[in-house]
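Engineer: Okay, here's the structure, questions in a sec.
Values quoted throughout were computed directly from the atomic coordinates according to the rules given, and no laboratory measurement underlies them. Quantities reported herein were computed from a predicted structural model and do not represent experimental measurements. Using ideal geometry, Cβ is built from the backbone for each residue, glycine included, and neighbour counts are taken over all protein chains shown.
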Amino acid sequence: MSHDITPHDGARSPFDAIRRTRADGTGYWSARDLQPLMGYSRWEDFAKIIRRAESSASNSGHPGGFSEITEEGTGGRPRANFHLSRFACYLVAMNGDPNMPEVAAAQAYFAIKTREAETSAPALPMTEDEIVLHALQIQGRKIHQLEAKVAADAPKVEAFDELMESDGTYSMNATAKVLGWGRNVMMRELRRLGVLQGNNLPYQRYEHHFKVVPQTYTNRKTGQTVPTATTFVRPAGVEFLRKKLTQSTLSAPVREAVDA
């Protein structure tokens, strides 16, 4: 860590103790320091909380305060970190698991400190009701955003439902429509990506995403009946195929040209 950063020792709160100061006098919190105080043992889990908080800040019109950096970690290996403003820490705390006492403590601390900074008045402890109100306001914004997304996605969901088979699966043709691909091009890409075999049946490791229906085919010329099968996609499999097809080297214009 660079020498222009010094911790504040001897503070009354552990969150005060890990606050750091830059050379220009501005303060911030290191996410790596904040992680254990909020009760998260794995960085990967805590980083997800930070990302959610960053999205909350952006959606509420208060971007900034989340400086992603790469620093020297254990053994000299590089590791990811964030330098967080006071308000960013507040949002991180509010996006944490409220059932964890460490998270609840962080919520109370940063709610009070953020209020003090906003009012620039002598420190007045925030009441429990005010802390809850802060939390409900943020939660209300999240609910409003989710409701707006649900409303926007409703026509798509209705269209997908119309394409669904009676058993809840999708035909390959319907799956292609849902994903915005032409059926033949999609099938070829899934074979190239190692999801489907040459006979368009899924490889064993991916069978749980599909439903294979055994059928028979009668050759009109010879009258011979041979076994065959049709592959359908389960609902969870549609999202799986979406992710696999993002690996495709075919761009949308190329797909459209090939489909035509």
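Engineer: So how strong a dipole does region 170-259 carry about its Cα centre when Lys and Arg Cβ are +1 and Asp and Glu Cβ are -1, to the nearest 20 debye?
Structural biologist: 100
Engineer: Got the relative contact order for region 170-259 handy, in percent, Cα pairs under 8 Å and 6 or more residues apart?
Structural biologist: 32
Engineer: Exposure proxy check: GLU102, GLU207 ranked by fewest other beta carbons within 10 Å?
Structural biologist: The fewest-first ordering by Cβ neighbours comes to GLU207, GLU102.
Engineer: Still on this structure: Hey, for a label at ASP167 modelled as a point 7 Å past Cα toward Cβ, could you say which residues of region 212-237 have their backbone N under 11 Å away?
Structural biologist: Taking a point 7 Å out along Cα→Cβ of ASP167, the residues of region 212-237 whose backbone N falls under 11 Å are 212-215, 230-234.
Engineer: Any of LYS48/LYS113; LYS177/LYS221; LYS48/LYS211; LYS221/LYS244 with alpha carbons more than 30 Å apart? Name them for me.
Structural biologist: Cα-Cα > 30 Å for LYS177/LYS221; LYS48/LYS211; LYS221/LYS244; rest within.
Engineer: Run the simple label-point estimate for VAL226 and ASP24 please: 7 Å along Cα→C-beta, distance reported in nm.
Structural biologist: 7.3
Engineer: What's the local net charge at TRP29, with K and R +1, D and E -1, over the other residues with C-beta under 13 Å away?
Structural biologist: Surrounding charge for TRP29 is +4.
Engineer: Sorting THR21, THR225 on the 10 Å Cβ count, fewest up front, what's the list?
Structural biologist: THR225, THR21
Engineer: Another question, then. Which of ASP24, ASP97 has the fewest other C-beta atoms within 10 Å, and how do the rest follow up to the most? Could the numbers behind the result be given before it?
Structural biologist: Values: ASP24 6, ASP97 13.
With the fewest neighbours first, ASP24, ASP97 line up as ASP24, ASP97.
Engineer: May I pose another question? Give the span of region 170-259's Cα atoms along each principal axis, as three whole-Å numbers ordered largest to smallest.
Structural biologist: Per principal axis, max minus min of the Cα coordinates gives 44, 30, 20 Å.
Engineer: A further question follows. Could you please report the charge total around SER41, scoring K, R as +1 and D, E as -1 over all other residues with beta-carbon less than 15 angstrom from its beta-carbon?
Structural biologist: With Lys, Arg at +1 and Asp, Glu at -1, the net is -2.
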